[in-house]
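Student: Structure below; questions to follow.
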Amino acid sequence: MTSSSTSSSRFPRISTHGVHIRCWCGEGITNFGSSTAENRYRRFYRCQIAKDRKSENHLFKWIDEALLDEIQTVDAKHERVAQGLKKFEERVIENVKSEIARIEDEMTEKLKEKVKLEIEKGMKHKLKIATVAMVVVGAVVGIWNSLAV
Ligand SMILES: [Zn+2]
């Protein structure tokens, strides 16, 4: 609802922040247009009761100031969210780095074990070949000796 009113303020205005939907008397807030010479057509929030009972102190807030308050509040929230996001990003990067380092260590250890096993397997195989060669040589020498006699 929009109507026109003079902003007579006999009371010191209590500082309020942002856009309100209710006056501290409980009444809903309406926006009005100022008709004073210094603030002509400037919009302000006030409850309907304040308009009718000018002797009482009710919430008063210029709409442009209320909107600036809201922008500042949103800016501050945005800044907090951005900082939170940055911290989260740093934590994720740190976790990924330590996980990569852990996996690298684990893989290096497994690779060392596998290489060791392969070397042992290779040596056993060579040993087997050498054993077979010695048996064959032994047999050949035995045959040779039996033929020579
Ligand atoms: Zn009120």
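Student: Are any of the residues in the stretch 59-73 in a helix (DSSP H, G or I) and within 16 Å of the ligand (Cβ to nearest atom)?
Tutor: Yes, there is a match, as at least one residue in the stretch 59-73 is in a helix (DSSP H, G or I) and within 16 Å of the ligand (Cβ to nearest atom).
Student: So the check is Cβ under 9 Å with 6+ separation or different chains; which pairs have a first residue in the stretch 43-64 that's free of Cβ contacts under 8 Å to residues at least 60 places away in the same chain and a second one that's assigned to a helix (DSSP H, G or I) and near the ligand (Cβ under 9 Å from one of its atoms)?
Tutor: Listed pairs, sorted by first residue: Glu56/Ile49; Glu56/Ala50; Asn57/Ala50; His58/Ile49; His58/Ala50; Leu59/Ala50; Phe60/Ala50.
Student: Just to be sure, is Lys61 open to solvent by less than 80 Å² (accessible area, probe 1.4 Å) and basic (Lys, Arg)?
Tutor: Judged against the criteria, Lys61 is a match.
Student: Further question on the same structure: Any residue in the stretch 73-92 that is aliphatic (A, V, I, L, M) and within 30 Å of Ile14 (Cβ to Cβ)?
Tutor: Checked the stretch 73-92: at least one residue is aliphatic (A, V, I, L, M) and within 30 Å of Ile14 (Cβ to Cβ).
Student: Which residue is surrounded by the most Cβ atoms within 10 Å (Cβ to Cβ), if the candidates are limited to the stretch 65-107 and must be within 16 Å of Phe44 (Cβ to Cβ) and in contact (Cβ under 8 Å) with a residue 24 or more places away in the chain?
Tutor: Ala66
Student: Tell me which residues, restricted to the stretch 17-46, are within 13 Å of the ligand (Cβ to nearest atom) and open to solvent by 80 Å² or more (accessible area, probe 1.4 Å).
Tutor: Ile21, Arg22, Trp24
The values are calculated or read from the model by the stated rules, or taken from the named source; none is laboratory data. A quick note: this is a predicted structure, and the numbers were derived from the prediction, not measured. Neighbour counts are summed over all protein chains in view; Cβ atoms, including those assigned to glycine, are modelled from backbone coordinates with ideal geometry. Only protein heavy atoms, including side chains, enter the accessible area calculation; ligands, DNA and RNA are left aside. Shrake-Rupley method; radii C 1.70, N 1.55, O 1.52, S 1.80 Å.
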